[in-house]
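First the structure, in the form of structure tokens, and then the observations on it.
Please treat every number below as a calculation from the coordinates, not as lab data. Keep in mind that what you see is a predicted model, and the values were worked out from it rather than measured. For neighbour counting, all protein chains shown are included, and Cβ atoms are generated from backbone atoms with ideal geometry for every residue, glycine included.
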Amino acid sequence: MRKNLKFEFIRTTLSILIALVIALVIILAVSKEPRIAIKEFVIGPIDSIRHFGNVIELAIPLIFTGLAVSIMFKAQQFNLGAEGGFFIGGIGAMIVSTRFALPHVIHPIVAILFGGLLGAIVVGIAAFMKVKWNATELVSSLMLNYIAYFFGLYLLNYYFRDPKAGAIESDRIPATAKLLRMIPKTRVHFGLIIAIIVIILCYYFVYKTKWGYEIRLTGENKKFAEYSGINTAKVIILSQLVGGFIAGIGGSIEILGMYKRFSWQNLPGYGWDGIIVAILARNNPAYVPLGAFFLAYLRIGADLMSRTSDVQNEVVSIIQGIIIVFIVAESFLSKYKQKLTYKEAKQNQSIKEA
């Protein structure tokens with residue numbers, strides 16, 4: 001177990017370093033002012049409270065979608081519905097916040113929980129189809145993303161749109177439903193505290209509860225789990241319902257923390273980013289905040305670089321692609337893994353002989 005953790009840490013770290021080196025080489029090759037570009041890319045996100053606040057703001061939704069995807073992937077359920085769950089969660093928060101008058105504190109809690117419920121429903125449909133008709137969750141969840149998207153836009157346009165606004169936007173979110181700002185001169189909101197709480201709960205759920213054990217065992221070997229008496233159909237549904245709920249509350253928190261109105265006209269993309277975060281975290285909830293912070297740091301750095309130099313922020317896509325290719329490539333560092341296995345086996349044999 002320790003050997004595998006060590007190997008995965010080394011492989012992930014090396015993949016990131018290789019990707020960053022290649023990105024720097026590209027910047028040096030295409031930029032007429034590489035010093036400025038590299039400086040903004042590497043140092044820009046931490047050169048002021050406002051810029052560092054931007055990193056934290058972006059990391060918050062990535063944490064929620066990363067956790068959602070991690071739990072589903074832990075059960076070997078490749079449900080890509082976190083994007084639709086995140087979007088419909090925002091719709092749910094908008095509905096509760098603009099149509100129900102509730103007291104402070106109670107209002108955002110109800111809005112967030114309702115958004116989580118909608119997210120669980122959207123993502124859970126794919127799980128139900130998998131168990132009932134053996135429909136591939138990969139395909140069904142992709143389609144459900146767009147069903148959630150267009151259904152949400154329909155609700156916004158015909159029932160919750162503010163006719164006085166100059167665009168397709170909802171009524172203003174009242175102050176009673178807004179999440180409080182935490183750091184002056186930034187938009188970092190109370191959603192950060194909620195994210196930390198959810199990280200702890202997810203780690204406890206996955207590694208300290210019976211349900212988490214069943215999810216992990218089903219993901220590692222479904223047939224053995226069934227032979228052990230685990231109801232794998234229940235596990236498949238549970239993992240995706242939990243993942244959808246987390247994605248939904250993530251969308252709710254993003255709307256209540258960062259927006260004055262619901263104004264998304266496209267899928268926000270955080271669900272797809274959550275897949276990258278989950279890959280970086282190796283589906284471990286404890287490492288999700290690190291993956292989310294790293295990706296957010298790259299995004300903010302690239303944005304600052306594109307605004308102050310002649311290098312476009314698409315360089316982040318190159319970094320993401322390289323990292324994913326190396327991490328998912330089973331043969332990458334496979335010889336090193338064999339050496340670690342041999343070394344560990346030799347040490348164990350020496351201990352037994354002693």
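Summary of values
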{"read-out": "Directionally averaged projected area (convex hull, Cα atoms, the stretch 56-281), nm²", "value": "12.6"}
{"read-out": "Using a Förster distance of 41 Å, the FRET efficiency for Y213-K32 (Cβ separation, nearest 0.05)", "value": "0.15"}
{"read-out": "Full-stretch length increase - K132, E8 - with 0.36 nm per residue and alpha-carbon distance subtracted", "value": "41.1 nm"}
{"read-out": "In the stretch 192-264, the trypsin sites (Lys or Arg not before Pro) that fall in loop regions by DSSP, at most 13 other Cβ within 10 Å", "value": "K260"}
{"read-out": "Cβ crowding within 10 Å averaged over residues, with 145-152, 6-13, 281-288 ranked highest first", "value": "281-288, 145-152, 6-13"}
{"read-out": "Vicinal HN-Hα couplings computed from phi for the stretch 32-41 (Karplus, 6.51 cos²θ - 1.76 cosθ + 1.60; Hz; Gly/Pro x)", "value": "8, 9, x, 4, 5, 4, 5, 4, 5, 5"}
{"read-out": "Most fluctuating residue given options T186, T218, T209, as computed from a GNM of the chain linking Cα atoms under 10 Å", "value": "T209"}
{"read-out": "Segments 161-174, 308-321, 111-124 sorted - mean Cβ within 10 Å per residue, highest first", "value": "111-124, 308-321, 161-174"}
{"read-out": "Relative packing of peptides 33-46, 242-255 - highest average C-beta neighbours within 10 Å first", "value": "242-255, 33-46"}
{"read-out": "Separation in nanometres of the label points that stand 7 Å from Cα toward Cβ, at K185 and Y158", "value": "4.9"}
